[in-house]
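Enquirer: Provided herewith is a single structure, encoded as structure tokens, for subsequent inquiry.
The values are calculated or read from the model by the stated rules, or taken from the named source; none is laboratory data. The structure displayed is predicted, hence computed values, not measured ones. Here Cβ is always computed from backbone atoms with ideal geometry, including for glycine, and neighbour counts include all displayed protein chains.
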Amino acid sequence: MAVRRQRLMSGLKDAGHLFRFAGLFVVAFLVFLVVRAYVVPKTFGQYGHYRGAAMGEIAQHPVKFAGHQTCETCHSDIADTKTKGAHAHVNCEACHGALFQRMPAPPQPKGNLYQRFVALIVPPLPPDTPILLHADDPATVVPEKPDTLVLCVRCHTASAAKPKGFPQVDPTVHMGGVPCETCHNPHSPTMGSDAGASPAPGGAK
Amino acid sequence: MNISRRHLLILLPAAAVAWKFVEAGTPEASPNYQMSDHWWGMLINIPKCIGCGNCVRACQTENDVPDGNFRTWVERYHVTDTEMTNPEVISPDGGKEGFPVAQEDAGKYFFVPKMCNHCADSPCTQVCPVGATFISPDGVVLVDQTYCLGCGYCVQACPYGCRYLHPTKHVADKCTLCYHRITKGLTTACCEACPTGARQLADLKNPNDPIHEFLKTHPVEVLKPQMATGAKAYYFGLDGSVR
């Protein structure tokens, strides 16, 4: 027994270089842990193999189409007209588009030393341009009136590719350059004729 | 206490690691919106689509999609009676400004709006080498653009061609199903702008969503079902010639 212990001790005496080597591994592993703690984002792995905070960041993008419910809070008269007509299910922004203007971007915070170091290697993505909605400030963001000769024609030009039941006209024959709203109320259009006028040729069938 | 220089060298990094984990604390709590209550998809009603391109323009406006790239686009199919497997497909500028007039001709025409299918088993998220793209707990395939390397594996992997590399950001970009809108109770920009209701956002976990009644009573199809991607863009009235 004693012989065996003596043999073991003498063996360990010669194994000093192995311990130093193992020590190096331990130090390298600790360095790895420290670096890893810095470079792996805090929310990585919160829900899966990705950065959980990314969803919150994506959800922060500015909304540009305010939604017809927002429009209707002020323009209830138009909403009432619309509900009776053929365009009842066409949302406001389908024709008027998103009513917003871009605002000057605020100065970006420089971040801490580590973030600035990372930015040198990987330039950060440009932030979203802040926007101002017509719904937020109707006096500043004044919408342009859409050109019906472009807008209506886009949907209602006759084409064999469109569904058969959809009202379609041949623009060259039907109006000859006269804006659509001269005869039709875009918010509640009637097919064929309005207010007893005779139907224009090439009209919707 | 007697600490040698060697011990200090070992102790300092250990302390730094420990402090980092103390600092990290608990993961950030999710916002007011409950991800576990939703499972998003889309219903696309082909017989209702008139090919006006409103959805394409709305998407480009809402999401600042660069010109020449598309998160959603519209294709026009022309299938003649004898060329079922070889349809003529056009999509001029993604159908953004509509389509040229189709003369009465042999065969049939129809429009197919395309977009990310937000697959439940998406091939694009499986190939990402860094975990920059993922399926969110509410069923939306998203890209963490701060994490993306721009390697383009996912662009190649998507069987529906729904991804592209952003020309100035140099990262993968795709439809987010307007995640910034649906988490606020709004519908997507394309659905908001569609004049005929050909597109409908669907929450498959919401028992009151009309999608359930529709799926129960209508024949629907997903694109490339043979690939088993778990696509959640349901097409009603999809022709067999659509690829």
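Enquirer: Which one of B:162, B:175, B:194 is in contact with a helix residue (DSSP H, G or I) (Cβ under 6 Å, 6 or more places away or on another chain) and in contact (Cβ under 8 Å) with a residue 60 or more places away in the chain?
Expert: On the way: B:162 fails: in contact with a helix residue (DSSP H, G or I) (Cβ under 6 Å, 6 or more places away or on another chain); B:175 fails: in contact with a helix residue (DSSP H, G or I) (Cβ under 6 Å, 6 or more places away or on another chain).
Of the residues listed, the single one that is in contact with a helix residue (DSSP H, G or I) (Cβ under 6 Å, 6 or more places away or on another chain) and in contact (Cβ under 8 Å) with a residue 60 or more places away in the chain is B:194.
Enquirer: Could you tell me which of the residues A:90, A:122, A:118 is under 21 Å from residue B:189 (Cβ atoms) and either in contact with a Pro (Cβ under 6 Å, 6 or more places away or on another chain) or not assigned by TED's automatic domain parsing to the domain that holds residue A:190 (or both)?
Expert: A:90 is the lone residue from the list that is under 21 Å from residue B:189 (Cβ atoms) and either in contact with a Pro (Cβ under 6 Å, 6 or more places away or on another chain) or not assigned by TED's automatic domain parsing to the domain that holds residue A:190 (or both).
Enquirer: Quickly run through segment B:127-154 and pick out the residues that are outside any loop (DSSP other than H, G, I, E, B) and touching a residue at least 24 places away in the same chain (Cβ under 8 Å). Walk me through it before giving the result.
Expert: So in segment B:127-154, the residues outside any loop (DSSP other than H, G, I, E, B) come out as B:127, B:133-135, B:141-143, B:153-154.
Answer for segment B:127-154, where residues must be outside any loop (DSSP other than H, G, I, E, B) and touching a residue at least 24 places away in the same chain (Cβ under 8 Å): B:127, B:133, B:141, B:142, B:143, B:153, B:154.
Enquirer: Same structure, new question: Identify the single condition in (1) exposed (fewer than 15 other Cβ atoms within 10 Å of the Cβ); (2) modelled with pLDDT of 90 or more that residue A:71 does not satisfy, given that it satisfies every other one.
Expert: Among (1) exposed (fewer than 15 other Cβ atoms within 10 Å of the Cβ); (2) modelled with pLDDT of 90 or more, residue A:71 violates only (1).
Enquirer: Within segment B:18-49, can you find the residues that are under 22 Å from residue B:232 (Cα atoms) and either at pLDDT below 90 or of a type in the set (A, V, I, L, M, F, W, C) (or both)?
Expert: The first filter runs over segment B:18-49 and keeps only residues under 22 Å from residue B:232 (Cα atoms), leaving B:33-49.
Correct list: B:33, B:35, B:39, B:40, B:42, B:43, B:44, B:46, B:49.
Enquirer: Look at residue B:223 and say whether it is within 22 Å of residue A:63 (Cα to Cα) and not in a helix (DSSP H, G or I).
Expert: Here the answer is no, as residue B:223 does not meet what is asked.
Enquirer: Another one. Which residue out of B:187, B:85 is polar (S, T, N, Q), touching a residue at least 40 places away in the same chain (Cβ under 8 Å) and either part of a loop (DSSP other than H, G, I, E, B) or out of contact with any Asp or Glu (no Cβ under 6 Å at 6 or more places or on another chain) (or both)? Spell out how you get there, then give the answer.
Expert: On the way: B:187 fails: touching a residue at least 40 places away in the same chain (Cβ under 8 Å).
It is B:85.
Enquirer: Another question, then. What number of residues within segment A:74-104 satisfy the criterion of being away from chain B (no Cβ under 13 Å) and either aliphatic (A, V, I, L, M) or closer than 17 Å to residue B:57 by Cβ (or both)?
Expert: Going through segment A:74-104 one residue at a time, the tally reaches 3.
Enquirer: Can you tell me which residues in segment B:96-125 are assigned to a helix (DSSP H, G or I) and in contact with a helix residue (DSSP H, G or I) (Cβ under 7 Å, 6 or more places away or on another chain)?
Expert: Taking segment B:96-125 as the starting set, the residues that turn out to be assigned to a helix (DSSP H, G or I) are B:123-125.
Matches in segment B:96-125: B:123, B:124.
Enquirer: Return the pair list, or none, for Cβ contacts closer than 7 Å from residues in segment A:52-77 that are touching a residue at least 24 places away in the same chain (Cβ under 8 Å) to residues that are part of a helix (DSSP H, G or I) and β-branched (Val, Ile, Thr), at least 6 apart or on different chains.
Expert: A:64/B:61
Enquirer: Residue pairs, Cβ under 8 Å, 6 or more apart or interchain, first in segment B:94-107 and over 25 Å from residue B:69 (Cα atoms) and more than 7 Å from chain A (Cβ to nearest Cβ), second surrounded by fewer than 19 Cβ atoms within 10 Å (Cβ to Cβ) and of a type in the set (Val, Ile, Thr). List them.
Expert: As it stands, the answer is B:106/B:80; B:107/B:80, since those pairs meet every condition given.
Enquirer: Residue A:104 - would you say it is touching a strand residue (DSSP E or B) at 6+ places or on another chain (Cβ under 8 Å) and either loosely packed, with under 13 Cβ neighbours inside 10 Å or not assigned by TED's automatic domain parsing to the domain that holds residue A:189 (or both)? Break it down stepwise before answering.
Expert: On the way: touching a strand residue (DSSP E or B) at 6+ places or on another chain (Cβ under 8 Å): no; either loosely packed, with under 13 Cβ neighbours inside 10 Å or not assigned by TED's automatic domain parsing to the domain that holds residue A:189 (or both): yes.
Taking the combined requirement at face value, the residue does not satisfy it.
Enquirer: Look through segment A:141-166, keep the residues that are more than 10 Å from chain B (Cβ to nearest Cβ) and touching a residue at least 40 places away in the same chain (Cβ under 8 Å), and return whichever of them is nearest to residue B:198 (Cα to Cα).
Expert: Applying the first criterion (more than 10 Å from chain B (Cβ to nearest Cβ)) to segment A:141-166 yields A:141-149, A:152.
Right, trim to touching a residue at least 40 places away in the same chain (Cβ under 8 Å) and you get A:141, A:143, A:146.
Working: A:141: 30, A:143: 26, A:146: 23 Å.
By that ranking, first place goes to A:146.
Enquirer: Taking segment A:140-196 as the search range and keeping residues that are among the acidic types (Asp, Glu) and surrounded by 13 or more Cβ atoms within 10 Å (Cβ to Cβ), which one is modelled with the lowest pLDDT?
Expert: Restricting attention to segment A:140-196, the residues satisfying the condition of being among the acidic types (Asp, Glu) are A:144, A:147, A:170, A:181, A:194.
Applying the additional criterion that residues be surrounded by 13 or more Cβ atoms within 10 Å (Cβ to Cβ) yields A:170, A:181, A:194.
Numbers: A:170: 89, A:181: 88, A:194: 49.
Looking at the filtered set, the residue picked out is A:194.
Enquirer: While we're looking at this one, here's another question. Assuming residue B:93 fulfils every condition listed in (1) part of a helix (DSSP H, G or I); (2) surrounded by fewer than 19 Cβ atoms within 10 Å (Cβ to Cβ); (3) under 19 Å from the mean Cα position of the chain (by Cα) apart from one, which condition is it?
Expert: So residue B:93 meets the others, but not (3).
Enquirer: Considering segment A:27-61 alone, what residues qualify as being more than 7 Å from every other protein chain (Cβ to nearest Cβ) and modelled with pLDDT of 95 or more?
Expert: A:28, A:29, A:32
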